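The values are calculated or read from the model by the stated rules, or taken from the named source; none is laboratory data. Keep in mind the model is a prediction, meaning the values are calculated, not measured. Here the Cβ positions follow ideal geometry from the backbone for every residue, glycine too, while neighbour counts run over all protein chains shown.
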């Protein structure tokens, strides 16, 4: 009977964030239990829900986030003990704390590397061996990958580093740290949170409020709209286009654009669901997107897209490398020899290289991801080099950065940069990505796209649904970029009007969502990282 | 009292909101739920029903049902051109057997076919009206709130200019549901029927639906014939054995033809007769299949030859228009 119950639960409580069971069953039940329990037990409700959520996906691999929490906890306490030991000289204390931090980071990264990258490394060595006529062989290990490992590993590293830097105190309460690591809304796709941002709220056990629940669910609804109505409609078309990537340049362009839209809607939609879930408990997770297509350039784009990944790399790779003594010495030499401008370019180059290499590798064990990282490294360096001359040209043309011509130019340039990057990101391998890219210039026929439009898995209504959905998202993005207080304005309407509005929004998702019969499940793109 | 209400006003509003939402979902479910039984792909089912409704009542003597194996192999125009027998192909891509049942049930309301030919590949696809029959909770919810099951109901309403391009609509009045394909992509594998395939059986859902189809045919005085169209990549000896076993145990009166065992007899050439590497017949393969099926049907069932019948002049015109037979 127990086995039947568990099978029933598993079949019913799916659960990914975009499946109905999450906002209709799992989240409300967790909220209800959270609210019913006394304040001092509420964090245990969150912890139990988080561990159960994790277990549904990865079962016994739950030991990984628990182990990551234990390692972080132990490292934090040891560093704290060392820091408090006044019998040791200050320099020695710092040296020992550094060793503890290094050990913690190495253990976590080594675990991640072995589980996610060992087969990639092995197969790469096989290829290299073959190039040199060697005979190296590799038996695939095919490790089971715990869900969210790329996210909670970075969070654990950030925690230990923040303790080392004395930005936060070492946590004495293991449950609090464990809850931070495994908190279920952010488990699968982030955002990559900092301990001091949410740990207190998570553990406080503060009662939730009707406002929190309402605001949270409104955000969840917006996320479901982006994911189910837009992203999941595009999924079959993207699959078909990338499977038939060698047909024509027009299809390459279509593939690149549609995948970019799909990925943005899928990832940002899921983050909306995640943040909305946090809001229902009164926990404010960090925003991960800020209208990225309004960015001025590629660098600004990455301040608006997957923000928490960017800030992690900034705080834990870019700044430490840039401010390292050898790098600062090198920068000074370059500046002295080649001038201030050269110094400005040289200073962040190594750090940027490491950041973008890490960015590529973080996405997974594929050369296309590493290429993606290097693509942005080169582009951002080029932007840094040409930004000043570009501003000079604007001045000569009597244009400002705010003029329409410049903004349109920047948008088009950014759009092209982003979609080409995404094309390589999604391609099966670099060779196919290059072929798709070259076809844009050597084999482009718009009529081929027109002829194939009916064979992309999208029917008449799907095209209109996606178009209408995109217009709505663009409109909301424009309002948010201008700081327009959408929710505040909505709240000014009478309650009946607000009810009607939200009923229409919910029905839009229910009716136009790409789920159920006739639609294959489009898994969350960023959950596989 | 007032401050108590003020304290819980938002919670009360929330409860009213959720209650109102459920009421709305229930009302909409009642409105859009089809009058027919549970189907999987309601839009395809409705498209086929609308297409067949255009046929003159009581004019079709044979119906072919099933998935894409059916509409690629069984040509009503060829059957008419060679034997004068009128027929219609009710097949659709990946059509589940529960949807076959629905389309047949609707077809019987306007037509009295004497023979129903059911292509067997559909028996080995998922036959339930639900995308995942093991998702018990989701299916329960969809049963109670059919809006979630049939939420794509709006897709029935499309402009005529778009409908005309739909593969089940375009030329349906000429080709009667058959889709002709002249592309050739050879099958290069070996004798797939002599290879030992893992034992299989027809799923329980499909068996139950098949029983319903048998009863439906009996009720409407139609003979049911199961036919396995040639498919090197979809069919095998295990599936053949599963069909034979089930029929022997449950419906020995139902005839079964496995054309995969008669490939030499009818002259199927895998280098030329398949459009997609052995999955489906192309036009050349379907001609050979229909030669055989046409002979079988006219030898075993009393089917009228409507050639030279002025009431069936439109069929003559269609055969001429198609220019294939």
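Summary table
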| quantity | calculated |
| --- | --- |
| Enumerated helices (runs of 4 or more DSSP H) restricted to region B:71-184, each holding at least 1 residues that are in contact (Cβ under 8 Å) with a residue 24 or more places away in the chain, within 14 Å of chain A (Cβ to nearest Cβ) and under 20 Å from residue B:54 (Cα atoms) | B:97-110 |
| Among (1) closer than 28 Å to residue B:288 by Cβ; (2) at pLDDT 95 or above; (3) surrounded by fewer than 24 Cβ atoms within 10 Å (Cβ to Cβ) - the single one residue B:58 does not satisfy | (1) |
| All positions within region A:415-455 that are more than 22 Å from residue A:360 (Cα to Cα) and more than 14 Å from chain B (Cβ to nearest Cβ) | A:438, A:439, A:440, A:441, A:442, A:443, A:444, A:445, A:446, A:447, A:448, A:449 |
| Count of residues meeting criterion [at pLDDT below 85 and within 9 Å of another protein chain (Cβ to nearest Cβ)] in region B:1-40 | 1 |
| Filter result (under 11 Å from residue A:71 (Cβ atoms) and surrounded by fewer than 20 Cβ atoms within 10 Å (Cβ to Cβ)) within region A:94-104 | A:103 |
| Residue satisfying condition, being within 16 Å of residue B:235 (Cα to Cα) and either touching a helix residue (DSSP H, G or I) at 6+ places or on another chain (Cβ under 8 Å) or free of Cβ contacts under 8 Å to residues at least 24 places away in the same chain (or both), within set B:254, B:289 | B:289 |
| Filter result for residue A:87 (part of a loop (DSSP other than H, G, I, E, B), more than 14 Å from every other protein chain (Cβ to nearest Cβ) and modelled with pLDDT of 90 or more) | yes |
| Residue count, region A:199-236 (criterion: away from chain B (no Cβ under 14 Å) and farther than 22 Å from residue A:19 by Cβ) | 8 |
| Residue check, residue A:55 modelled with pLDDT of 95 or more, over 26 Å from residue A:225 (Cα atoms), assigned by TED's automatic domain parsing to the domain that holds residue A:198 and part of a helix (DSSP H, G or I) | no |
| Some residue of region A:303-321 being buried (at least 20 other Cβ atoms within 10 Å of the Cβ), touching a helix residue (DSSP H, G or I) at 6+ places or on another chain (Cβ under 9 Å) and not in a helix (DSSP H, G or I) | yes |
| Single condition residue B:19 does not satisfy, out of (1) farther than 30 Å from residue B:182 by Cα; (2) not in a helix (DSSP H, G or I) | (2) |
| Qualifying residue in region A:263-279 (condition: over 21 Å from residue A:22 (Cα atoms) and crowded, with 23+ Cβ neighbours inside 10 Å) | no |
| Selection status of residue A:385, under 29 Å from the mean Cα position of the chain (by Cα), in a helix (DSSP H, G or I) and not assigned by TED's automatic domain parsing to the domain that holds residue A:342 | no |
| Elements of type helices (runs of 4 or more DSSP H) in region A:434-529, at least 3 residues being at pLDDT 95 or above and in contact with a helix residue (DSSP H, G or I) (Cβ under 9 Å, 6 or more places away or on another chain) | A:460-481, A:495-512 |
| Extreme residue, nearest to the other protein chains (Cβ to nearest Cβ), among residues of region B:41-62 that are part of a loop (DSSP other than H, G, I, E, B) and within 26 Å of residue B:304 (Cα to Cα) | B:54 |
| Residues of region A:119-156 satisfying the condition of being over 23 Å from the mean Cα position of the chain (by Cα) and assigned to a helix (DSSP H, G or I) | A:119, A:121, A:122, A:123, A:124, A:125, A:126, A:127, A:128, A:129, A:130, A:131 |
| Index of the failed condition, residue A:60 passing every other in (1) over 22 Å from residue A:365 (Cβ atoms); (2) at pLDDT 90 or above | (2) |
| Of all residues making up region A:146-165, the number that are over 13 Å from residue A:75 (Cα atoms) and touching a residue at least 60 places away in the same chain (Cβ under 8 Å) | 9 |
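Yes/no matrix, rows are residues, columns are (1) surrounded by fewer than 17 Cβ atoms within 10 Å (Cβ to Cβ); (2) touching a residue at least 60 places away in the same chain (Cβ under 8 Å); (3) closer than 24 Å to residue A:125 by Cβ:
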position: A:330; (1), (2), (3): yes, no, no
position: A:351; (1), (2), (3): no, no, no
position: A:357; (1), (2), (3): yes, no, yes
position: A:360; (1), (2), (3): no, no, yes
position: A:373; (1), (2), (3): no, no, yes
